[in-house]
Each structure stands twice: as C-alpha cells, then as structure tokens.
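Asker: To start, I am sharing the structure in question, which I have written as structure tokens.
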Amino acid sequence: MEKLSSTIYTPSRGTEVITNKPPTLPIPTFLASIFFPFNFNLFSAQMGSLTSDQLDGNSGLVINPLDPEEFRRQAHMVIDFIADYYKNVDKYPVRSQVEPGYLRKRLPECAPYNPESMETILQDVQEHIVPGVTHWQSPNYFAYFPSSGSIAGFLGEMLSSGFNVVGFNWISSPAATELENIVMDWLGQMLKLPKSFLFSGNGGGVIQGTTCEAILCTLTAARDRVLNKIGRENISKLVVYGSDQTHCALQKAAQIVGIDLKNFRAIKTTKSSSYGLSPDSLLTQINLDVEAGLVPLFLCATIGTTAITAVDPLKPLCDVAKQFGIWVHVDAAYAGSACICPEFRHFIDGVEGADSFSLNAHKWFFTTLDCCCLWVKDPSALVSSLSTNPEYLKNKATESKQVVDYKDWQITLSRRFRSLKLWLVIRNYGVANLRHFLRSHVNMAKLFERLVASDKRFEIVFPRQFSVVCFRVSPSAVMDKLKPKYENCHSQQLFTEEEAINEFNRELLESINASGKAYMTHAVCGGIYAMRFAVGATLTEERHVMVAWTMVQEQLEAFLTTNTPFN
Ligand SMILES: Cc1ncc(COP(=O)(O)O)c(C=O)c1O
C-alpha cells in the first residue's frame, strides 16, 4: 500500500491514486445542474465570501429546505458516496496522517453567502475531509475499542434523523418512548439481566448518549438517595470507589456531582487478580473510610476495562457493597455486548446484586454512535434526582403516571429517537447473527493471540478475555541490542531496563501506525507498555488479521536490521 497522506482516492476507481483531482461523483455535475440550476463553479469560486448581501439572482434561493424530491436526489448522492467509501475504506491510511491545523489551510475563512451544491460539497468532503478522517470502519482498524457499524445501524440512524423528533416526554412522540421501553427490555432479556432491571419487573432501561452520562446520572441518583437520609450538608463525607483501571468517566462524574476529590478511591489492582478489583481491597478501604467518619456511596465495577479488558468480580464486590448500602454500577461499555453469547454470560454473573448496568451499543453492538444502554433497578431514584416539571411540559399522559418521561432519566431535556437504530440492528440481524459476529471477532483475536505466541520475539502481556490482545516485543528478544542505548541513557538516568523496553515497543507501535496499514493503540498496566490489538471493526476478516500480524513482524525486522531505534 502506498502512503496516501497527500493523495486522494476516487472511490469509484478502486485503488487508483489520484493527486489533486476531485473524485467522480455518482451523479455527473452536468446532470445535477439540470435539477439545481445554479452555477456550481461560481459558487465554488465565491465560497467564503460574505462581502455581498445579495444572492446571485433568484435562482440561488432555496425555497424549501425539506423538499421531498430534492431530498431523494441529494440523499441518493450521499448514500452512493458512503457506499463507495465503504467499498474502498481499506485503501486509506487507517490513522489519519495529516498535521494539526491542516484543514484551516484548505477551507475558506468564512461561510459562503451563496448556496453551494451537494456535488461541490461532496467533492470537498472527499478532497479535504477524508484525509483528516481516521478510518474507524476500516478492516485494518484495531485501535481503542471498536465502533462497529452496520447497515441496519446506519439506516436506523437515518430513520431517526428522518423523523427528527424531540422525544423528551411520552406525549412529544409516544413511539420514541415506547419503542425504547420495548427494545431495552429485549436487550435486557438477551443479556439475561435479572427481571428487576426490566420494565416488566419494575426496573427499566434508558438509552443515554454515552457511558459518561450513564455514570453521571446513576451517581447523581445515588448521591441524592443518601443525602436525603443524612442531610445535604454532609456531601463532603461521601466516598466513591473504583479501581485504578476504572474509566476516567467515574472521576469526571464524581467531580460534577460534588464529591470531594479526597474521597475518590481508585483502588490499586495487581497482577495476582489479573488487574480486577479485589473485594478484600475494597472492604479494607471501606472500613478505613467508615472509621474516619466518611460515608461509602458508590462503586463502579467494570466488565472489560478500557486498558486491558480486565474483569472485576461482580458477585463478591456486590456482597461487600451491600453491607454498606453502596450503589453498585456495572460499567460493561465494551464487553457487555459479548454477554448475549451464553459462553460469555458468566462475566456478568452477580449482576443481580448491582443497582445499575450499562453497555455501549455503539462500541461492539453494530449500532452507530451514540447509544449507551443503561438499566436501573429503581427508576424512581433517577427520576427523583433528575426530574423537573415546568408548566410548558405539563400534559395529561404525564399526570396519569402511566407513561415514562425519559427527560427525567437523563441530563438533557431534548433527546433523539435512538431506539430505532437499536431496534433495526436487533431485528435485522437477529440474536443468531449478532452472536455470530461477536464470536467471529473473539475468534480472530484468538488467532492473533496464537500468531503472537508462535513468534518467540513477542509475548502476550495480559490475559485475553474478549477480542483484545495485549502484546509486546519481549525484553529478551531485543535487550542485547537495546543495552547500549539503555546504558547510554542510563548514565544520564533516563531509562531503567523496563522503561527501555517500554520505549522500544512505543516506537515500534508508532512506526506501525505511521505506515497507515493498520492502527493499534497501547495500554500501560503494572508499569508495562503493551500494544493493544482490538478486533471489532465490522469489516475485519481473518486475512486482515494475518496481514496486520505480518506487518508487525516486518516492522520489527526493519527495526532490528536498520538498528532503529537503537542508534
Ligand atoms: C470501560 C469503559 N467505560 C466507559 C467508557 C467511556 O465511554 P463513553 O465514551 O461512551 O462515555 C469507555 C470508553 O472506551 C470504556 O472503555
């Protein structure tokens, strides 16, 4: 693959590289101009001009920005554009290769006064936006956690945008609320969540934008539940617990709800518990806090931590928390999806002891961003913290108390019709396919794991649980070469041996990513720097995994033969 940083791909021409030339659009400009009788070149040339206060003739006036036929025409164009993008997404450098500030140099300084055609805009998307896109949907994308797209998810998003309703309460769009109730019960059943988390069991689910919001809402509910008992003046006594592997969303939420940061506990995890939170460590910390007159409030347990996908043992943690009346939230942002497969369900055994549970369907459940599914056992706790009842929203349905008003389950008032996309995903693929997709990702991760294990120069650093493999070049493979550099720097007290091998792996990963052929990110846990190979992009197949592995080996060989980064 060639470097593409300054080149443009024409989707309809496959792998041909075209420099500084706009792509061929699905509908030729001359045809479009019949429907859109403006002078495209003129608009293009005048892009960014605010000097005039008159349109170039009345023909520039858009009479109806929601004209159905014009919508059909332009939407087809955009769909063709996206379909071509997916067809060729593997040809782009996975991680964008642009430099900071690249776009300001390419786009006009101010907004166009005259309208511009979709054709012109799409040309600019291809020419200026695509180079600055990191291609999360590339089959060679193995970074962070996946953002697995799908046709159903994408089209569900379109339907949702198409209706463009603002479903803050039931009456504002009954289908939006009721479909969300139903889909959250469906997914809860697929996960075998206890009935107490479902509407059918007096709990319930809500679709939030992100896990950050889910944690913030549940922490707010937990805070108020306790403060209502002990008095609001005691807020400085509340303590929040997680581990040193818990996502920073917890700390942010704690800051927002007014927890004294002295009372935020990121309990240390160790190799002996595979970096899961130890119930004994939790208990010890809670006892210390209680002795100090503090009030244990909230525990966030994680299934599939962000760095290395470690798993906190839910059942014993919930048992400890229960003794102190602590609200337990289970953050299964990435790995929760896998639990619809019977063989992975055991990872959330013990969830019956928790108060709330969330997963991001926009990570590994083929649903476009954003779609965080949150279930709570006691919706009234959320409602009593988050509800408001202004005059302009009063209505009979709310007063009847027969309906859910989701505005009271979340931070914002306005909300999107997100359940449509989740509904489409579940219906269009069925549980059978969804399980199959998830399993195939785990199997590809296992394949990569075997490939790493078969090359003595590499080692698996942390145990694989789901579809993420954490590996590195092992110290023994390169230490003799690294030694001179290490000793050099060591005399200046720059590197310990562990830092030297970490630095080596860091540089190797950077060279892999700079190649544009694959994209992986890293984790540091227990002082060890590991490369993370996260399988989950929808288009990834075994052949992409094999190619990525060969490329990792080749990059290492290049390092070893050219003495980079030893000199
Ligand atoms: C375990 C975990 N929790 C929370 C988050 C944050 O998710 P969001 O961006 O939806 O807030 C992530 C993101 O990767 C995560 O891995």
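Asker: Scan the stretch 201-208 and give yes if some residue there is in contact with a Lys or Arg (Cβ under 6 Å, 6 or more places away or on another chain), away from the ligand (no atom under 16 Å from the Cβ) and not in a loop (DSSP other than H, G, I, E, B), otherwise no.
Answerer: Yes, because at least one residue in the stretch 201-208 is in contact with a Lys or Arg (Cβ under 6 Å, 6 or more places away or on another chain), away from the ligand (no atom under 16 Å from the Cβ) and not in a loop (DSSP other than H, G, I, E, B).
Asker: Could you please let me know if residue 356 is closer than 20 Å to residue 193 by Cα and more than 16 Å from the ligand (Cβ to nearest atom)?
Answerer: No: the conditions fail for residue 356.
Asker: Return the pair list, or none, for Cβ contacts closer than 9 Å from residues in the stretch 241-253 that are part of a loop (DSSP other than H, G, I, E, B) and within 8 Å of the ligand (Cβ to nearest atom) to residues that are at pLDDT below 95 and not polar (S, T, N, Q), at least 6 apart or on different chains.
Answerer: none
Asker: Taking residue 478, is it over 26 Å from residue 213 (Cβ atoms) and either buried (at least 22 other Cβ atoms within 10 Å of the Cβ) or touching a helix residue (DSSP H, G or I) at 6+ places or on another chain (Cβ under 8 Å) (or both)?
Answerer: yes
Asker: Identify all residues within the stretch 524-560 that are surrounded by fewer than 22 Cβ atoms within 10 Å (Cβ to Cβ) and under 24 Å from residue 275 (Cβ atoms); write none if there are none.
Answerer: Selection gives 524, 525, 526, 527, 528, 529.
Asker: In the stretch 284-307, is there at least one residue being in a loop (DSSP other than H, G, I, E, B), β-branched (Val, Ile, Thr), assigned by TED's automatic domain parsing to the domain that holds residue 334 and within 16 Å of the ligand (Cβ to nearest atom)?
Answerer: Yes - at least one qualifying residue is present in the stretch 284-307.
Asker: Could you tell me which residue of the stretch 441-482 is farthest from residue 538 (Cα to Cα), considering only residues that are part of a helix (DSSP H, G or I) and among the polar types (S, T, N, Q)?
Answerer: In this case the residue turns out to be 476.
Asker: In addition: Kindly indicate whether residue 382 is touching a strand residue (DSSP E or B) at 6+ places or on another chain (Cβ under 8 Å), within 16 Å of the ligand (Cβ to nearest atom) and either charged (D, E, K, R) or at pLDDT 95 or above (or both).
Answerer: Taking the combined requirement at face value, the residue does not satisfy it.
Asker: Report those strands (runs of 3 or more DSSP E) wholly inside the stretch 322-426 carrying at least 1 residues which are buried (at least 24 other Cβ atoms within 10 Å of the Cβ), β-branched (Val, Ile, Thr) and without any contact (Cβ under 8 Å) to a residue 40 or more places away in the chain.
Answerer: Per the criteria, 327-331.
Asker: In the stretch 90-115, what residues are surrounded by fewer than 19 Cβ atoms within 10 Å (Cβ to Cβ) and either in the same structural domain as residue 538 (by TED's automatic domain parsing) or acidic (Asp, Glu) (or both)?
Answerer: 99, 109
The values are calculated or read from the model by the stated rules, or taken from the named source; none is laboratory data. Since the structure is predicted, the reported quantities are computational estimates derived from the model, not experimental observations. Please note: Cβ atoms are built from the backbone with ideal geometry, for glycine as well, and neighbour counts cover all protein chains shown.
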